[in-house]
Every structure is written in structure tokens, then in C-alpha cells.
Amino acid sequence: MFKDLVIANRSRRRFFSDYKVTREQLLSLVELARNTGYTANSQALKFMTVCDEEGNAKVYETLAWAGALKDWDGPVPEERPTGYIIILCDKTLGRDKQLDVGITAQTMMLGATEMGLGGCMLGCINRPLFAENFNIDTDRYSIELCLALGKPKEEVRLVDVGPDGSVAYYRDEAGVHYVPKRKLEDILY
């Protein structure tokens, strides 16, 4: 059952815009993060939730989407996320908390998948613009990662890495998103 959840938890970049992620859903995901382990139990991470139209637009304009899809600038307006969780680090409580960011982000994404949501972890953020849009004190807080969430509209399939060895994800003409994965024997040392 857990394996099925992990496999179902893929990066999703297109969503049904008529499904609105609620603040309660976002808070339940942050609650999962709150109960996750932290290095040195610092609990230095803070979480910002956004799920209103104005806020969503302000988050969206700061993001870059799918670097491997060179001819795609991100979801069209009617396929954009309807909720976001932004992970910040309170530098007065700890610095360089990338492990904590990864652990909490994956925990929240697994929780979102269990809820029937999908999402994408985005690290390519125009941080100065984001800080300006949301009045973030960057002397105190670093902007670490953005989780874009919604009801998934796209199909994502895992495939074996091909003979060329490329792990770059791609889409076919029908918009199905493919994610090449190395075989077990290829990742064992």
C-alpha cells in the first residue's frame, strides 16, 4: 500500500482549475510536516499557505516550470494550481536545512497524493519577487521551496531509462508525461 502511494506521488504540472484546494487541506498537510522529524529537532521551517485567486497569481508569477520541457512555459491559466505551500526557513532557528526541507516536502506530497491531490515541488523561484509580493523579511527567512497543488489533470507514467541513458522527462503528442527511471540493479552499489 505504501509502495502504491510512493509510485502514485509523481510531479504533476497541470490541474483541474474548477477544483479549489482549501485552506483546511493545506493546513492538514502542514500538520504532517509539523510532526515530521527535523535535524537536531530545530523545527526551523515555517510554512505559508496560499489558496485564494489573488495569492495564487502572485505565487505563480514567481515560478519557473519543467526545465526539461524546453517548449513549455508552464500550465495555461485554466490548468494552474489552486493551492500552494511555501516552505521558509527561519534563520534565527537554524540554517542550511535542506534535509528538513526535503523530508517535510516529500511527507506533504505523499499526504496530498493520499487526499487525491497532486503537485509539483518547485525550487526555481524568483525569490526577490516572491519576497516583495508577500512582504517576506529575507534577513530572517529564506525562501526554500514551493509546493504547487491541485486536482491532477495529467497522466504520468514511469518508464525504464532507454538505451541512450537519458533520464529527462518528456511528453508525447497526447500530453502524457513520461518519467524515465533507472532499474534497481542500476542503482545498487
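The values are calculated or read from the model by the stated rules, or taken from the named source; none is laboratory data. Here the structure is a predicted model, which is why all the values come from computation and not from measurement. Please note: Cβ atoms are built from the backbone with ideal geometry, for glycine as well, and neighbour counts cover all protein chains shown.
The table for this structure:
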| read-out | value |
| --- | --- |
| Pair list, Cβ < 9 Å and 6+ apart or interchain, from segment 26-52 residues that are over 28 Å from Lys151 (Cα atoms) and assigned by TED's automatic domain parsing to the domain that holds Ile86 to residues that are surrounded by fewer than 15 Cβ atoms within 10 Å (Cβ to Cβ) and hydroxyl-bearing (Ser, Thr, Tyr) | Ala44/Thr92 |
| Some residue of segment 129-150 being under 18 Å from Val179 (Cβ atoms) and more than 15 Å from the chain's Cα centre (by Cα) | no |
| Residue check, Met115 in the same structural domain as Glu144 (by TED's automatic domain parsing) and more than 26 Å from Val167 (Cβ to Cβ) | yes |
| The lone exception for Ile136 - which of (1) free of Cβ contacts under 8 Å to residues at least 24 places away in the same chain; (2) assigned by TED's automatic domain parsing to the domain that holds Gly94 it fails | (1) |
| Boolean, Gly123 is among the small types (Gly, Ala, Ser), within 14 Å of Lys46 (Cα to Cα) and out of contact with any Ser or Thr (no Cβ under 6 Å at 6 or more places or on another chain) | no |
| Residue in segment 69-79 that is buried (at least 20 other Cβ atoms within 10 Å of the Cβ) and under 20 Å from Met108 (Cα atoms) present | no |
| So Met121, is it surrounded by fewer than 16 Cβ atoms within 10 Å (Cβ to Cβ), assigned by TED's automatic domain parsing to the domain that holds Glu31, closer than 25 Å to Pro77 by Cβ and of a type in the set (A, V, I, L, M, F, W, C) | no |
